[in-house]
Amino acid sequence: MKRITSMMAVLALVGCGGAPVDFKHGVPSQEMVNVAMPEKKTAPSQDISQVQQGLQNEPSGSVGLTRLAVGLVNGTTVWILGTLKAVTDTPATSIKGNVAVWGPYTPQLSPTTWKLTVTRSGNRNFSYVLEGKLKSQDDTAYQAVLSGTHTASVDAAGRGVPGYGKGDFLIDWKALASVGGDQTRKSGSAEVTYGHELTDAATTVDVDFNEIPATGGTATETVASYHYKASPTGGEFSYATDLNAHWWDPQNPVMQHWTIKSRWTAAGAGRADAILTGGDLKAPATQNECWDDDFLSQYLYKSYDTSGGWGSASACTFADAQYAQ
C-alpha cells in the first residue's frame, strides 16, 4: 500500500512539473471504463450470460444476470469511445496554444462528420467535446454528442500512459442518433465517472442513466444507476432502477424499485443480493445467492418463496447480505 501511495505521489509531481501530456491522451479510452468479471471456461454449448436460474451445483442465475448488466454498461460506451479513438488516431487538424482540434473528419462509408476539440488546463488536465453532424449538412448543424473532463496518468518521464486516467463524461443519445451515430438508443443520456490510474490500483466506473424507457408500467422515462469497483483481489457491481414486477399484467402498472449487488473474488466465487421495494408490495422482497469459483450456485434464498431455495449460507464466500440503494 505504501508503494502504491508513493507511486501516486511521484506521478502527481511529475504531472505537475513535467512536460505537458500530448492532447491525444486527453480523452478516455475504452479500457478506462471497461467493466469486467472473472472468466471461466464453460462447456461449448453453455453461455453463462444467457442461463436461467437452475438448481444447486448448476450455473448461477445471478451471475448470468450480472453479466447481462455488465454488458449493458460496456455497450453504453464502446460505440462512442470507439469513435473518439478513430478520430484521435488521425493527426490533429490544428493546435493553437492549449487547444487542439480534430476534423472535420468523415470515416469512409459513414453518414457522419465529426469534430473534436480538446482543451488543456495544466500539464495533464483536459476538457473536450465531440460534435457531429450529417455530412450533407453545413457547419451550423454540429451537435455535441460527448463532452467531459479527463486527467491523464503519466509515467516517470511525464509521458501520458494510454489506458489509464480518471474523469467523467456525458453521452447525449438523442443527439448521437440524430447525426447518424449509434441507433440502438434514441433518447436519454448517460453520465459516466471513471478512475483507473495505475495498473495495480482499483478501477471504478459509475454510470447514471437519465430519461431512458421504463421497464413496464405506465411511465415512459426512468433512471438507472450502476456502480463497479474492481481490484486484483476481486470486485463488486451494483445496479438500481425502477420497474414493474408485474410487467405481464396491463391492469397492474405500479412501479417498484429494484436493486442487485454482486461481489466476487479474483477466483470467481461470489454473492448477489437483490431487493424489490415500494409500489404495491407490503414488504420488501429479497433474493440471495452464492456461487463457487466455477459460477455454480451453492446457496439460494428467496424471502417470497422459501420452497425455491437450497444450500446453506455457510457456503458463501461473503457471509453477510449487502443491498444496493
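A short reminder: the numbers here are calculations on the coordinates, not readings from a lab. Please read all numbers here as calculations on a predicted model, not as lab measurements. In this analysis, Cβ positions are derived from the backbone assuming ideal geometry, glycine residues included, and neighbour counts consider all displayed protein chains.
Taking every alpha-carbon pair under 8 Å whose residues sit at least 6 apart, the chain reaches a relative contact order of 13 percent.
Projecting the Cα positions of Ala285, Ala321, Gly122 onto the charge dipole of the chain (unit charges on Cβ atoms of Lys, Arg, Asp and Glu, taken about the Cα centre) puts Gly122 furthest along the positive direction. Per-residue extension of 0.36 nm, minus the Cα-Cα distance of Ser178 and Gln108, leaves a gain of 23.3 nm for this segment.
Potential lengthening of the chain between Gln143 and Val161 amounts to 3.5 nm, from the contour at 0.36 nm per residue minus the alpha-carbon distance. The Cα center of segment 289-321 and the Cα center of segment 127-200 differ in position by 40 Å.
With axes computed from alpha carbons, what is the tilt in degrees of helix 61-88 against the longest principal axis of the chain, rounded to the nearest 10 within 0 to 90? Compared with the principal axis, the helix lies near 10 degrees.
The calculated P(r) of segment 56-137, using every Cα pair and 10 Å bins from 0, goes 15, 34, 23, 15, 9, 4, 0 in percent.
Averaging the sequence gap over all C-alpha pairs within less than 8 Å and six or more residues apart, then dividing by the number of residues, gives segment 249-321 a relative contact order of 24 percent.
When only the Cβ of Lys, Arg, Asp and Glu is charged (+1, +1, -1, -1), the dipole of segment 157-207 relative to its Cα centre reaches about 220 debye. Each Lys and Arg contributes +1 and each Asp and Glu -1, all at the Cβ; summed about the Cα centre of the chain, the dipole is approximately 880 debye.
Relative to the dominant Cα principal axis of the chain, helix 2-17 is inclined by about 30°.
Hull volume per residue, based on the alpha-carbon atoms of the chain and their convex hull, is 167 Å³.
The convex hull defined by the C-alpha atoms of segment 81-201 has an orientation-averaged projected area of 8.5 nm². Pairs of Cα atoms nearer than 8 Å and 6+ residues apart set the relative contact order; for segment 112-255 it is 13 percent.
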